[in-house]
1. Among the residues in the stretch 29-44, are any closer than 19 Å to MET134 by Cβ, modelled with pLDDT under 90, acidic (Asp, Glu) and touching a Lys or Arg at 6+ places or on another chain (Cβ under 7 Å)?
2. Every residue in the stretch 161-203 that is more than 19 Å from the chain's Cα centre (by Cα), open to solvent by 60 Å² or more (accessible area, probe 1.4 Å) and under 22 Å from LEU275 (Cβ atoms), please.
3. Name the residue that is most open to solvent (accessible area, probe 1.4 Å), counting only residues in the stretch 128-148 that are without any contact (Cβ under 8 Å) to a residue 12 or more places away in the chain and within 23 Å of the chain's Cα centre (by Cα).
4. Among the polar types (S, T, N, Q), out of contact with any Pro (no Cβ under 6 Å at 6 or more places or on another chain) and at pLDDT 90 or above: which single residue out of GLN285, GLN317 fits that description?
5. Regarding VAL269, is this residue over 30 Å from TRP356 (Cβ atoms) and either at pLDDT 85 or above or small (Gly, Ala, Ser) (or both)?
6. If you check every pair at least six apart or on different chains, which have Cβ atoms under 6 Å apart with a residue in the stretch 54-79 that is in contact (Cβ under 8 Å) with a residue 24 or more places away in the chain and closer than 13 Å to ASP358 by Cα first and a residue that is charged (D, E, K, R) and buried (at least 17 other Cβ atoms within 10 Å of the Cβ) second?
Amino acid sequence: MEDCLAKKMEITVSEAEKRTGRNAMNIQETYTAYLIETRAVESQTEGQCAPVESLWRRYSEFELLRNYLSVTYPHIVVPPLPEKRADFVWHKLSADNMDPDFVERRRIGLENFLLRVASHPVLCQDKIFYAFLMQEGGWKEMVNETGFQLKADSRLKALNATFRVKNPDKRFTELKHYSDELQSVISHLLRVRARVADRLYGVYKVHGNYGRVFSEWSAIEKEMGDGLQSAGHHMDVYAASIDDILEEEEHYADQLKEYLFYAEALRAVCRKHELMQYDLEMAAQDLTSKKQQCEELATGTVRTFSLKGMTSKLFGQETPEQREAKIKVLEEQIREGEEQLKSKNLEGRDFVKSAWADIERFKEQKNHDLKEALISYAVMQISMCKKGIQVWTNAKECFSKM
């Protein structure tokens, strides 16, 4: 971790800017661009600051970077991007992806994504990632030249492997259950938080009604007027604070959402392993079939029914020369198949070793991050309750002076 890019470079997504342009279909569109700023840490000497490098990136470019990383490093739990459109929000917040508050939270999420990649012991060393931070022009062409799209596995192929693998690895089966449970629990937490936020919003706005009533009441009361006016002021201040509180809560919700999306990153690793296992089983099955064909040709006996065997019976056997030529071809194919099977076995073992090391790293990171987020959320709730108690204590003092 000492050699990771995050230790050598300060990376920030410092601002977001709404822009208008034309897409690939020559249709005018409105989009948001994000300013990425980087500064080398090593060159910051006493009294001197390293120059800041900056460039603009669209969300779609972040998506392209992540797709490239996911395909190039299939054994790694690649950090997710923040959501493109708001989900699990309490109803008073806008779900519009151009809403300034949502754009600001997404800016923070994109910065967090870059810091996650820059802190990863493997991903941080990728040249395409470094170019994403430093090279604005020609970056897309550089990504496409890697040919990563050709390595991408189709969803249909992945689904086929899921159902047809005969000997799935128990560890990866359990990992799929783990990711499903993680997604289920966090989704439930987010839904509950959104409902509680709605109720809390209503409670605070009731205090705003109290404030209005006390203020109007104070206008017709001579002796109690000042006390009622002061109590109404406390209620108004308390009611107005709910918008900032719930906006702060959304930042904690975004931290939970990150791990909601991490669940899909875990499943992507599982799918890749299933594909490799399926290819291995198919290669082993093909090798067994060729060995059987070779044995049948060598001994002249057919152990299983086949169209070829039936044809031989109907139209006569092959000549010894023809059979010998076929045996030689099969023997060569068997040698190649054995090498291929050996290679796939080795590749599979390397994948499992690398994937499991990264999964353990991810779990440790997840436990730390969620613990910190939930503790901070609880501290915020306690602070909010203390302020509520203080408001009613102040109001009580106002009433007692009447």
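1. yes
2. PHE163, ARG164, LYS166, ASN167, PRO168, LYS170, ARG171, GLU174
3. This residue is ASN144.
4. GLN285
5. Answer is no for this residue.
6. Sorted first by the residue in the stretch 54-79, then by its partner, the pairs are PRO74/LYS272; ILE76/ASP358; VAL77/ASP358; PRO79/ARG116.
So that you can scan it fast, the table gives a plain yes or no per residue for (1) in contact with a His (Cβ under 9 Å, 6 or more places away or on another chain); (2) surrounded by fewer than 17 Cβ atoms within 10 Å (Cβ to Cβ):
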| site | (1), (2) |
| --- | --- |
| ASP226 | no, yes |
| TYR238 | yes, no |
| ASP244 | no, yes |
| GLU248 | no, yes |
| LEU256 | no, no |
| GLU274 | no, no |
| GLU281 | no, yes |
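Condition check ((1) over 30 Å from the mean Cα position of the chain (by Cα); (2) farther than 30 Å from ASP180 by Cα; (3) small (Gly, Ala, Ser)) across all residues:
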residue: VAL213; (1), (2), (3): yes, yes, no
residue: SER230; (1), (2), (3): yes, yes, yes
residue: GLU250; (1), (2), (3): no, no, no
residue: ALA265; (1), (2), (3): no, no, yes
residue: MET276; (1), (2), (3): no, no, no
residue: ALA284; (1), (2), (3): yes, yes, yes
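The values are calculated or read from the model by the stated rules, or taken from the named source; none is laboratory data. Note that the structure is a prediction, hence the values are computed from the model and not measured. When we count neighbours, we look across all protein chains shown, and the Cβ atoms used for this are built from the backbone with ideal geometry, even at glycine. Surface areas here come from the heavy atoms of the whole protein model, side chains and all, with no ligands, DNA or RNA. Shrake-Rupley method; radii C 1.70, N 1.55, O 1.52, S 1.80 Å.
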